[in-house]
Amino acid sequence: MAATVPNHVPAYLIGTLSIALGLNAIFRPAAEYPRFGLPLEAGHHTPPHQSSSVSPLMYLKGIREVSYGLLLVGLQSQGQEPAITTLAAVMACVGLADGVVVWCCGGAERRQKAWGHWGTFVVMGAWAWYRNSS
């Protein structure tokens, strides 16, 4: 039986999407809060009534997403198949944890957003499992 050649498209596609999500969080942090499922937080030195400044944590979220995307694209371009599988499993666990945070901290009106994060957990986990089993 011939060895299966992994498809490179998912790693490049997921990597590119992750970079795009990260850049959205960095350049449009106030818009990223509701998309992610959390209430808008004001920055440290911003009066609560001014919503134009946001907590720096959303920038960290953006950096995290860009880092994942760059790693996926970089590892795929280098042919590091086992590392891509490990990163996919890590990203799945992050999706699970993000869902728990949104469920617990996002408020009742945003709880449905947790399901999107848990969907990411399922998809990324399935992709990691598939990659590991082929």
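The values are calculated or read from the model by the stated rules, or taken from the named source; none is laboratory data. Every value quoted in this text rests on a predicted model; they were computed, and no experiment measured them. Glycine gets a Cβ as well: all are built from the backbone with ideal geometry, and neighbour counts include every protein chain shown.
Here W115 does not fit the description of being touching a residue at least 40 places away in the same chain (Cβ under 8 Å) and either of a type in the set (F, W, Y) or touching a strand residue (DSSP E or B) at 6+ places or on another chain (Cβ under 6 Å) (or both).
Conditions (1) of a type in the set (K, R); (2) on the phi > 0 side of the Ramachandran plot; (3) at pLDDT below 95, marked per residue:
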site	(1), (2), (3)
A2	no, no, yes
H45	no, no, yes
R64	yes, no, no
Q76	no, no, no
G79	no, yes, no
A88	no, no, no
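Note on the range 26-43: residues that are aliphatic (A, V, I, L, M) and either modelled with pLDDT of 95 or more or closer than 21 Å to L96 by Cβ (or both) total 2. Based on this model, can you work out whether G74 counts as surrounded by fewer than 19 Cβ atoms within 10 Å (Cβ to Cβ) and either among the acidic types (D, E) or not in a helix (DSSP H, G or I) (or both)? Criteria not met by G74.
For the range 6-25, the criterion of being among the hydroxyl-bearing types (S, T, Y), buried (at least 17 other Cβ atoms within 10 Å of the Cβ) and modelled with pLDDT under 95 is satisfied by no residue at all.
Set side by side, the residues A97, A92 differ, and just one is in a helix (DSSP H, G or I) and either modelled with pLDDT under 95 or buried (at least 16 other Cβ atoms within 10 Å of the Cβ) (or both), which is A92.
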